[in-house]
Amino acid sequence: MNTYILISDLRKKLNEPGNKNKSVGFVPTMGALHEGHLSLIRQSKQENDITVCSIFVNPIQFNNEGDLSGYPRMMEQDSKLLIEEGVDILFAPEVDEMYPPGEEPQLDLDFGRLDKVMEGKYRPGHFKGVAIVVKKLFDFVQPTRAYFGKKDFQQLTIIKHMVSSMKIPVEVIACETVREPDGLAMSSRNLKLTIGEREMASQIYDVLMFTKANVETSPVKKLQGIAHKRLATNPAFRVDYFEIVDMQTLLPVASWENPENIIACTALYLGDIRLIDNMELFS
Ligand code: PAF
């Protein structure tokens, strides 16, 4: 595996004559890699000639300093995992390489309501930060295909919107959420949970499964309220939201019409750790 910290070196490698007509699969990450990331990498390896992975903890997508400074960083271990998976190129830039001092990071794109609801409401500016870094990474890597997990469903929707609005020539591939045996969605943040919190965290999956099992038995709003209450009755949880929304608009649905487009999304704090998850209710 070749590791680059400079954009120029990354481009030099990808521009080598031998790489000219090769397909490039790209897996952007913030490191602290787990099976979820590895499943994206394995899919990229199957579908492309070259697989590039990036590790960059993007400061402009964090809303608070504590969350940024506490984000798990384990470059050596990550690098080992990537070698084991057969990743061809790791791009691991420093902050100044991605955001040269004096340059104001910006992206002239309106996301409409997509970045205002759910995560957008609780983490203002978060998706703008994600979109800016992903656009830059796409410019540097110029991938044929880019792989994102469905666990960050709103992020995936926003990236798809950016790609289609800005006509970026990349195919966005949505990959299934990878779960622990008890159902908890894999996330780098799980590492920060205490043993007790980790045990409780699987209740998020249980409530999503409960919701899925009870669709159409009651009106959407009522079921949403019951699910929210199930989570909120655990005093260890501080629930930001539990919403049943349309998968395209991310707006709340009023009925069970268009079932193939309905997803439940939730976010809550367990101690200091904010966890998100979602489930397509009719798939
Ligand atoms: O999902 C993530 O890990 C990040 O939001 C991403 C897409 C790598 C951008 O920093």
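Before moving on, here are some points about what is shown:
- Counting all C-alpha pairs of the chain, share separated by more than 27 Å (%): 41
- All Cα pairs of segment 32-77, percent lying beyond 15 Å: 57
- Accessible area of Thr194 in the full protein assembly, 1.4 Å probe (Å², nearest 10): 70
- Potential extension, Leu107-Glu171 segment - 0.36 nm per residue separation minus Cα distance: 21.0 nm
- Helical runs (DSSP H, four residues minimum) scored at -39500 (n - 2.57) apiece and divided by the length of the chain put the mean residue ellipticity at 222 nm at -10500 deg cm²/dmol.
- Considering only the chain, percent of DSSP beta bridges that pair antiparallel, nearest 5: 50
- Sequence-distant contacts, meaning Cα pairs under 8 Å at least 6 residues apart, place the relative contact order of segment 159-261 at 16 percent.
- Residue pairs exceeding 24 angstrom between C-alpha atoms, taken from Lys45/Lys121; Lys135/Lys212; Lys22/Lys151; Lys116/Lys221; Lys22/Lys135; Lys116/Lys136: Lys45/Lys121; Lys135/Lys212; Lys22/Lys151.
- Only protein heavy atoms count here; on that basis, with a 1.4 Å probe, Tyr71 has an accessible area of about 20 Å².
- List Tyr269, Tyr99, ordered by accessible area with a 1.4 Å probe, largest first: Tyr269, Tyr99
- Ordered from largest to smallest accessible area (heavy atoms of protein chains, 1.4 Å probe), the residues Thr29, Thr177, Thr144 come out as Thr144, Thr177, Thr29.
- Counting only protein heavy atoms and a 1.4 Å probe, segment 120-270 has 45 square angstrom of accessible area per residue.
- Exposure of Asp88 as accessible area (Å², to 10), given a probe of 1.4 Å and all protein chains: 60
- Considering every alpha-carbon pair of segment 199-283, the percent of pairs per 10 Å bin, from zero through the bin containing the longest distance, is 19, 54, 24, 3.
- Segment Asp139-Gln77, extension gain: residue separation times 0.36 nm, minus the distance between their alpha carbons: 19.6 nm
- Figure legend: label point modelled 7 angstrom from the Cα of Val95 along Cα→Cβ; residues of segment 47-85 with amide N under 14 Å from it are 56-71.
- Within segment 150-283: Cβ-based charge dipole about Cα centre, in debye rounded to nearest 20 (Lys, Arg +1; Asp, Glu -1): 280
The values are calculated or read from the model by the stated rules, or taken from the named source; none is laboratory data. Everything quoted here is computed from the prediction, not taken from an experiment. Please note: Cβ atoms are built from the backbone with ideal geometry, for glycine as well, and neighbour counts cover all protein chains shown. For accessibility, only protein heavy atoms count, side chains too; no ligands or nucleic acids. Shrake-Rupley method; radii C 1.70, N 1.55, O 1.52, S 1.80 Å.
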